[in-house]
1. Among the listed residues SER210, SER196, which satisfies the condition of being under 19 Å from SER36 (Cβ atoms) and under 20 Å from the mean Cα position of the chain (by Cα)?
2. Might you let me know whether segment 57-76 holds any residue that is among the charged types (D, E, K, R) and within 16 Å of the ligand (Cβ to nearest atom)?
3. Take the residues of segment 86-120 that are surrounded by 16 or more Cβ atoms within 10 Å (Cβ to Cβ) and of a type in the set (Gly, Ala, Ser): which is farthest from the ligand (Cβ to nearest atom)?
4. Does segment 200-222 contain at least one residue that is within 26 Å of PHE74 (Cα to Cα), out of contact with any Gly (no Cβ under 9 Å at 6 or more places or on another chain), within 13 Å of the ligand (Cβ to nearest atom) and aromatic (Phe, Trp, Tyr)?
5. Give just the number: which of (1) touching a strand residue (DSSP E or B) at 6+ places or on another chain (Cβ under 7 Å); (2) modelled with pLDDT under 95 does ILE10 not satisfy?
6. What number of residues within segment 11-53 are of a type in the set (Val, Ile, Thr), surrounded by 24 or more Cβ atoms within 10 Å (Cβ to Cβ) and more than 10 Å from the ligand (Cβ to nearest atom)?
7. Does SER36 satisfy the criteria of being within 20 Å of GLU166 (Cβ to Cβ), in contact with a Gly (Cβ under 6 Å, 6 or more places away or on another chain) and polar (S, T, N, Q)?
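The values are calculated or read from the model by the stated rules, or taken from the named source; none is laboratory data. Predicted, not measured: the structure shown is a model, and the values here were computed from it. A quick note on method: Cβ atoms are made from the backbone with ideal geometry, for glycine too, and the neighbour counts reach across all protein chains shown.
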Amino acid sequence: MNTNKITIAIDGFSSTGKSTVAKQLAKHLGYIYVDSGAMYRAVTFYAMTNDFIDEDFFNVSGLISQLDDIKIRFVFNENLGFAEVYLNDTNIEREIRTLKVSGFVSKVAEISEVRSLLVKQQQQMGVNKGVVMDGRDIGTVVFTDAELKLFMTASAETRATRRFNELLERGDNVQYEDVLRNVEERDYIDTHREDSPLVMAEDAIKIDNSTLGIKAQFDIILDLVNKTLKKEKPSKK
Ligand code: CDP
């Protein structure tokens, strides 16, 4: 058995199935899975519940002044098989997935102070390798030396349909057009921001999963992981 652990960085646009494959890989490999987007969503939820952001205003300096009060933790839930997000000891896993949070999160993620705080925490989580992390800047900023970097894409319509179905399954009352608009808006902000924009790392492998099912995608990616693990042997110090 290969005991040599690697770091797997998965970046890409919204709703490209990053977290689905990241969870599958973490389970299969016995690695830690970190959903970095959940951390940006947690800060956004904090900003919303403390009246720093709404449709018509964003008190950026107010939020920055309270960043030290925001403690984010991941707690593994045996029943669900993945880690849920806690904000200052409250489980907010459900609250952070609403379309309302999605509507503000990219604006919060533009703030450099927020990014540097979360990036430091993410790097700490991956210090011993054996981690699968997904997000927008994992291969380009957080783990530039990750042994395997993936960049996931799919058409905006495919992605919006996936997210729309996810939200309906949760019982959220949403319109497809609003979900599509949110996906496109976040794509724009995430790729155009000054600090750590979403770009494909030069050494990343692009996976377009517009026509790939969950199993087919997992098989392709697991093959890439196994090839990377083979290359990494014998263990580097
Ligand atoms: O799951 P979904 O693809 O909708 O997005 P997410 O991974 O939950 O990320 C939500 C938002 O957080 C993104 O649209 C980005 O604005 C921001 N984000 C980021 O800036 N950097 C990351 N590493 C992860 C997320």
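1. Selected residue: SER196, the only one of SER210, SER196 that is under 19 Å from SER36 (Cβ atoms) and under 20 Å from the mean Cα position of the chain (by Cα).
2. Scanning segment 57-76 turns up no residue that is among the charged types (D, E, K, R) and within 16 Å of the ligand (Cβ to nearest atom).
3. Filtering segment 86-120 for residues that are surrounded by 16 or more Cβ atoms within 10 Å (Cβ to Cβ) and of a type in the set (Gly, Ala, Ser), the one farthest from the ligand (Cβ to nearest atom) comes out as GLY103.
4. Among the residues of segment 200-222, not one is within 26 Å of PHE74 (Cα to Cα), out of contact with any Gly (no Cβ under 9 Å at 6 or more places or on another chain), within 13 Å of the ligand (Cβ to nearest atom) and aromatic (Phe, Trp, Tyr), which makes the answer no.
5. (2)
6. Qualifying residue count for the region: 1.
7. Working: within 20 Å of GLU166 (Cβ to Cβ): yes; in contact with a Gly (Cβ under 6 Å, 6 or more places away or on another chain): yes; polar (S, T, N, Q): yes.
It is true that SER36 is within 20 Å of GLU166 (Cβ to Cβ), in contact with a Gly (Cβ under 6 Å, 6 or more places away or on another chain) and polar (S, T, N, Q).
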